[in-house]
Amino acid sequence: MTTDFFSDFTMTVDGRAVTSAETIQTVNPATEAFIADVPDASREQLDAAVASAKRAFRSWWQRPLAERQAYVSKIGDAIEAHAEAFKRLLTLEQGKARQGAEWEIGGSIIWCREIAKQSLPAHVSENTPERTVETRNVPLGVIGAITPWNFPVLLAIWKIAPALVAGNTMVLKPSPYTPLCTLKLGEILRDVLPPGVLNVVSGGNDLGAWITAHPDISKISFTGSTATGRRIMAAASGNLKRITLELGGNDPAIVLPDVDVKETAQKLFWAAFQNSAQFCVAAKRMYIHEAIYDDLAAELVKYARTVKVGDGSQQGVDLGPIQNRMQFDKLRELLADAKASGAKFLLGGEIKAERGYFVPVTIVDNPAEDSRVVVEEAFGPVLPLLKFNDVEDVIERANQTEYGLAASVWGKDIDAAQAIAERIEAGTVWINEIHTFSPHVTFGGHKQSGMGIENALDGLAEYTNLQTIVTNRAPQPAA
């Protein structure tokens, strides 16, 4: 099948292309230019997608595990075969620079191939000539997956790969801001997967609400905001759907006084600003020991001035725009509030772009701990630097948030850094690195940053129920 990646965007239901009467416009966030119309699925089309997935489940989960694993590995092969087109389309719809697109598409290929090697062995708790007790993992059924606009391809694969390996089928909904790559993924997989195993439908908030409440969907796997996660949790209660929620974060970075300032400044910059800080695990509050605060702040600003912000499709651009108008307006309002409250900007703070959703790299100098720029998750390139001089104090401040997704600690004294990391209330804490993920390492949030796990065998198990089979072989007494 020859795929035109830049036109003819259709949904995939039961292995076939599907259009809709209503459509949604997509725009290039760097230029605000129209890209394409995509289908806005009706409730009836969602019902058809779920029914297709339900039919396919009956035979899919009965296939040998090795067959399902091979299919998931072939998804990685299909992405690799179209990798260049995916990278270009991803930059067009999401805005990220070339290196960001390469990271995401390359990661998607790796995830498919590595998750395809995973399995959940049965556990035998008793095994005698008379009696066997075995607990095994069985699939749930139809999975409803809802993905965000910051990493639309990779985070879809984080759901597709384990769900299918575990024996489930899926209805996948991308963000209405970034549906293009996901629709094309569904299109190229029509020739790879049996019909109905993966259905891709596009639409807005109504479609998301219909999915979360649908009686024939057994689980929701959602990545997005905490506010939306709460609504999904409530809607999923109707038929006691299982849920995995990977939600917001306000991740602290704690920088100890023994770091090499020059060497660490560049790492900290990307810890905060990778993907224009549209990253749930970006360092969003940076606590710097007062002994090195001025020097490190100066190095961060110096390095930031070498980073080029612009249209991600242009050569030499490091950071692209904010992906959508809604988030752009939120950041504009947050910066206005910071300015009105008297915050001091070491860099940035003024949005000057006449076209495109561009927010400059902004570094705020030691704002008040209760200011909005510290308390709220910006989800954009706005970073507050905060001074500390006491370890107990900085741990308390770092944990003083409703979120608990990730954190990082930076210092040469590994024992000291480890002692701090163990007291941070977050699902992942990196020491002297950040944003390193693996298909074989668990990832999930604490507190209001989420529920459940993605990746590793723990993440695979999220797509299953446990079933215990007890077999009694003892001779039965005569009637």
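The values are calculated or read from the model by the stated rules, or taken from the named source; none is laboratory data. All figures in this text were calculated on a predicted structure; none of them were measured in a lab. Reconstructed Cβ throughout: ideal geometry from the backbone, glycine too, with neighbour counts over all protein chains shown.
Given the criterion in contact with an Asp or Glu (Cβ under 8 Å, 6 or more places away or on another chain), outside the structural domain of GLU376 (by TED's automatic domain parsing), over 25 Å from ASP260 (Cα atoms) and among the small types (Gly, Ala, Ser), identify the matching residue among GLY444, GLY459. Quick ask: steps written out before the conclusion?
Numbers: GLY459 fails: in contact with an Asp or Glu (Cβ under 8 Å, 6 or more places away or on another chain).
Just a single option satisfies the conditions, and that option is GLY444.
Can you tell me which residue is modelled with the lowest pLDDT among those in segment 463-477 that are assigned to a loop (DSSP other than H, G, I, E, B) and surrounded by 10 or more Cβ atoms within 10 Å (Cβ to Cβ)?
Selected residue: ARG473.
A quick yes/no check of all residues on (1) under 30 Å from LEU383 (Cα atoms); (2) buried (at least 22 other Cβ atoms within 10 Å of the Cβ); (3) modelled with pLDDT under 95:
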| site | (1), (2), (3) |
| --- | --- |
| ARG190 | no, no, no |
| LEU198 | no, yes, no |
| LEU247 | yes, yes, no |
| PRO252 | yes, yes, no |
| CYS280 | yes, yes, no |
| GLU290 | yes, no, no |
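Filter segment 1-45 down to residues that are modelled with pLDDT of 95 or more, of a type in the set (Val, Ile, Thr) and under 18 Å from ALA78 (Cβ atoms), then give me how many there are.
The qualifying residues number 2.
Say we look at segment 92-112 and pick out the residues that are closer than 17 Å to ILE79 by Cα and either of a type in the set (Ser, Thr, Tyr) or touching a Pro at 6+ places or on another chain (Cβ under 6 Å) (or both); which of these is surrounded by the most Cβ atoms within 10 Å (Cβ to Cβ)?
Filtering segment 92-112 for residues that are closer than 17 Å to ILE79 by Cα and either of a type in the set (Ser, Thr, Tyr) or touching a Pro at 6+ places or on another chain (Cβ under 6 Å) (or both), the one surrounded by the most Cβ atoms within 10 Å (Cβ to Cβ) comes out as SER108.
Within segment 101-155, which residues are in a loop (DSSP other than H, G, I, E, B) and polar (S, T, N, Q)?
Filtering segment 101-155 down to residues in a loop (DSSP other than H, G, I, E, B) leaves 116-122, 128-130, 140-141, 147-153.
GLN118, SER119, THR128, THR147, ASN150 - these are the residues of segment 101-155 that are in a loop (DSSP other than H, G, I, E, B) and polar (S, T, N, Q).
Without any contact (Cβ under 8 Å) to a residue 60 or more places away in the chain and either out of contact with any helix residue (DSSP H, G or I) (no Cβ under 6 Å at 6 or more places or on another chain) or in the same structural domain as ALA163 (by TED's automatic domain parsing) (or both): does that describe ALA51? Don't jump to the end; show me each part of the working.
Details: without any contact (Cβ under 8 Å) to a residue 60 or more places away in the chain: no; either out of contact with any helix residue (DSSP H, G or I) (no Cβ under 6 Å at 6 or more places or on another chain) or in the same structural domain as ALA163 (by TED's automatic domain parsing) (or both): yes.
For ALA51, the condition - without any contact (Cβ under 8 Å) to a residue 60 or more places away in the chain and either out of contact with any helix residue (DSSP H, G or I) (no Cβ under 6 Å at 6 or more places or on another chain) or in the same structural domain as ALA163 (by TED's automatic domain parsing) (or both) - is not met.
For the list (1) assigned to a strand (DSSP E or B); (2) under 26 Å from the mean Cα position of the chain (by Cα), I need the number of the one condition that TYR71 fails.
Answer for TYR71: the failing condition is (1).
One residue is enough: does segment 373-385 have a residue meeting the conditions part of a helix (DSSP H, G or I), touching a Lys or Arg at 6+ places or on another chain (Cβ under 8 Å) and in contact (Cβ under 8 Å) with a residue 60 or more places away in the chain? Quick ask: steps written out before the conclusion?
Narrowing segment 373-385 to residues part of a helix (DSSP H, G or I): 373-375.
Now restrict to residues that are touching a Lys or Arg at 6+ places or on another chain (Cβ under 8 Å): 374.
When the remaining residues are screened for being in contact (Cβ under 8 Å) with a residue 60 or more places away in the chain, the result is 374.
Scanning segment 373-385, I find at least one residue that is part of a helix (DSSP H, G or I), touching a Lys or Arg at 6+ places or on another chain (Cβ under 8 Å) and in contact (Cβ under 8 Å) with a residue 60 or more places away in the chain, so the answer is yes.
I'd like to check something: does segment 76-91 contain any residue that is in a strand (DSSP E or B) and either modelled with pLDDT of 95 or more or touching a Ser or Thr at 6+ places or on another chain (Cβ under 9 Å) (or both)?
Our first condition is that a residue be in a strand (DSSP E or B); within segment 76-91, this holds for none.
For segment 76-91, residues in a strand (DSSP E or B) and either modelled with pLDDT of 95 or more or touching a Ser or Thr at 6+ places or on another chain (Cβ under 9 Å) (or both): absent.
Failed condition for ILE414, given (1) touching a strand residue (DSSP E or B) at 6+ places or on another chain (Cβ under 6 Å); (2) free of Cβ contacts under 8 Å to residues at least 40 places away in the same chain; (3) exposed (fewer than 13 other Cβ atoms within 10 Å of the Cβ), with all others met?
(1)
Just to be sure, is ILE351 out of contact with any Lys or Arg (no Cβ under 8 Å at 6 or more places or on another chain), under 30 Å from SER313 (Cα atoms) and of a type in the set (A, V, I, L, M, F, W, C)?
Values: out of contact with any Lys or Arg (no Cβ under 8 Å at 6 or more places or on another chain): no; under 30 Å from SER313 (Cα atoms): yes; of a type in the set (A, V, I, L, M, F, W, C): yes.
Answer is no for this residue.
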